[in-house]
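Chemist: Have a look at the structure that comes next, please.
The values are calculated or read from the model by the stated rules, or taken from the named source; none is laboratory data. Since we're looking at a predicted model, the values are computed, not measured. Positions of Cβ are generated from backbone atoms using ideal geometry, with glycine treated the same way; all protein chains shown enter the neighbour counts.
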């Protein structure tokens with residue numbers, strides 16, 4: 001009986017793949033893509049065939065035929081707002097990812113490539129808790145102007161997985177536990193969980209703290225004046241604020257290891273930036289705690305930057321009064337994808353239909 005799950009997770013300069021036997025990892029590999037490799041492609045969508053071929057070559061080298069897979073698990077990209085869960089990838093989802101109305105991102109390629117490989121094997125490709133998971137209650141959707149609406153684009157996959165893991169470890173019912181979860185990575189997402197849902201969150205694309213390459217919430221009137229006076233196209237401003245913003249705009253680095261070195265050497269500018277980022281993260285956490293009237297059972301800190309104790313402590317000391325703080329360093333997205341698909345294959349959960 002086939003039990004293997006192929007997991008696909010595209011990033012800007014890599015495509016991570018893994019093979020799981022049920023929820024146990026058999027092997028994992030990160031296929032690196034240099035800037036020179038990707039230079040011939042005009043945009044992210046045009047990389048689809050190149051990345052798919054790299055995956056198939058890796059599987060061939062590993063002597064693993066696609067016929068051995070029971071399912072494919074792919075990282076979900078920027079889609080329309082969705083409820084949390086595991087979704088079967090269909091042609092409509094692929095069309096929406098190609099159209100990229102919610103924005104371009106390497107993750108958009110995950111379901112496209114996974115769908116192609118799944119069709120080759122006659123199986124189903126799934127995505128799990130994509131970036132666009134939006135479970136907010138109505139009061140959280142008001143933006144402050146009737147023409148605009150708050151949208152949730154977060155690191156939902158990792159945050160939901162860590163929330164479930166915490167509840168399972170402590171034999172708690174996730175649906176009855178109030179959790180404040182923060183993902184600290186290149187981007188920083190925060191979410192408040194109640195009734196098994198993320199009822200509010202901080203979308204790092206548009207609001208909240210700045211992070212390594214994202215500006216977060218900017219002074220809107222200053223921004224409007226800057227865009228108009230400099231006659232910026234939307235794509236130019238998007239790159240400025242979402243790819244070249246945050247720490248990169250202040251210090252010219254996207255590497256937290258380099259930032260830590262500068263901080264520990266007491267570089268004056270780096271110290272100010274690091275303290276400001278930790279300050280803003282803590283401030284956002286305090287704001288989200290009010291959503292459940294301050295009645296938070298636990299605060300969970302996850303993501304790659306959570307490996308840095310000094311930075312976590314800068315945040316923890318400001319928020320420990322809210323609830324006990326637990327740290328889950330890293331972001332095991334591959335495991336979370338495999339587990340989400342296995343819940344469907346084992347009939348613990350029913351796959352959702354994308355419409």
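Chemist: Taking region 300-318 as the search range and keeping residues that are touching a residue at least 40 places away in the same chain (Cβ under 8 Å) and within 22 Å of residue 194 (Cα to Cα), which one is surrounded by the most Cβ atoms within 10 Å (Cβ to Cβ)?
Modeler: This residue is 302.
Chemist: Ok, one more. What is the one condition in (1) in contact with a helix residue (DSSP H, G or I) (Cβ under 8 Å, 6 or more places away or on another chain); (2) surrounded by fewer than 17 Cβ atoms within 10 Å (Cβ to Cβ) that residue 324 does not satisfy?
Modeler: Here residue 324 clears every test but (1).
Chemist: Is it the case, given these coordinates, that residue 268 is in contact with a helix residue (DSSP H, G or I) (Cβ under 9 Å, 6 or more places away or on another chain) and at pLDDT 95 or above?
Modeler: no
Chemist: Somewhere in region 148-166, is a residue free of Cβ contacts under 8 Å to residues at least 40 places away in the same chain, outside the structural domain of residue 45 (by TED's automatic domain parsing) and not in a strand (DSSP E or B)? Step through it out loud before you land on a result.
Modeler: We begin by selecting, within region 148-166, every residue free of Cβ contacts under 8 Å to residues at least 40 places away in the same chain; these are 148-149, 164.
Checking the rest, the ones that are also outside the structural domain of residue 45 (by TED's automatic domain parsing) come to 148-149, 164.
Add one more test, that the residue is not in a strand (DSSP E or B), and what stays is 148, 164.
Within region 148-166, one or more residues are free of Cβ contacts under 8 Å to residues at least 40 places away in the same chain, outside the structural domain of residue 45 (by TED's automatic domain parsing) and not in a strand (DSSP E or B).
Chemist: I've got another one for you. Do you know which residues across region 22-45 are under 19 Å from residue 339 (Cα atoms) and surrounded by 14 or more Cβ atoms within 10 Å (Cβ to Cβ)? First the steps, then the outcome.
Modeler: Applying the first criterion (under 19 Å from residue 339 (Cα atoms)) to region 22-45 yields 22-29.
Within region 22-45, 22, 23, 25, 28, 29 meet the criteria.
So that you can scan it fast, the table gives a plain yes or no per residue for (1) closer than 19 Å to residue 204 by Cβ; (2) touching a helix residue (DSSP H, G or I) at 6+ places or on another chain (Cβ under 6 Å); (3) modelled with pLDDT of 95 or more:
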{"site": "128", "(1), (2), (3)": "no, yes, yes"}
{"site": "132", "(1), (2), (3)": "yes, no, no"}
{"site": "137", "(1), (2), (3)": "no, no, no"}
{"site": "148", "(1), (2), (3)": "yes, no, yes"}
{"site": "171", "(1), (2), (3)": "no, no, yes"}
{"site": "177", "(1), (2), (3)": "no, yes, yes"}
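Chemist: Pick out the one residue from 220, 247, 227 that is farther than 27 Å from residue 164 by Cβ, out of contact with any strand residue (DSSP E or B) (no Cβ under 7 Å at 6 or more places or on another chain) and buried (at least 20 other Cβ atoms within 10 Å of the Cβ). Break it down stepwise before answering.
Modeler: On the way: 220 fails: buried (at least 20 other Cβ atoms within 10 Å of the Cβ); 227 fails: buried (at least 20 other Cβ atoms within 10 Å of the Cβ).
It is 247.
Chemist: Quick check on residue 210: is it in the same structural domain as residue 301 (by TED's automatic domain parsing), surrounded by 14 or more Cβ atoms within 10 Å (Cβ to Cβ) and touching a residue at least 60 places away in the same chain (Cβ under 8 Å)?
Modeler: Numbers: in the same structural domain as residue 301 (by TED's automatic domain parsing): yes; surrounded by 14 or more Cβ atoms within 10 Å (Cβ to Cβ): yes; touching a residue at least 60 places away in the same chain (Cβ under 8 Å): yes.
For residue 210, the condition - in the same structural domain as residue 301 (by TED's automatic domain parsing), surrounded by 14 or more Cβ atoms within 10 Å (Cβ to Cβ) and touching a residue at least 60 places away in the same chain (Cβ under 8 Å) - is met.
Chemist: Name the helices (runs of 4 or more DSSP H) wholly inside region 235-318 in which the number of residues that are at positive phi is 1 or more. Steps first, please.
Modeler: On the way: elements: 246-251, 256-264, 268-289.
Counting at least 1 such residues, we get 246-251.
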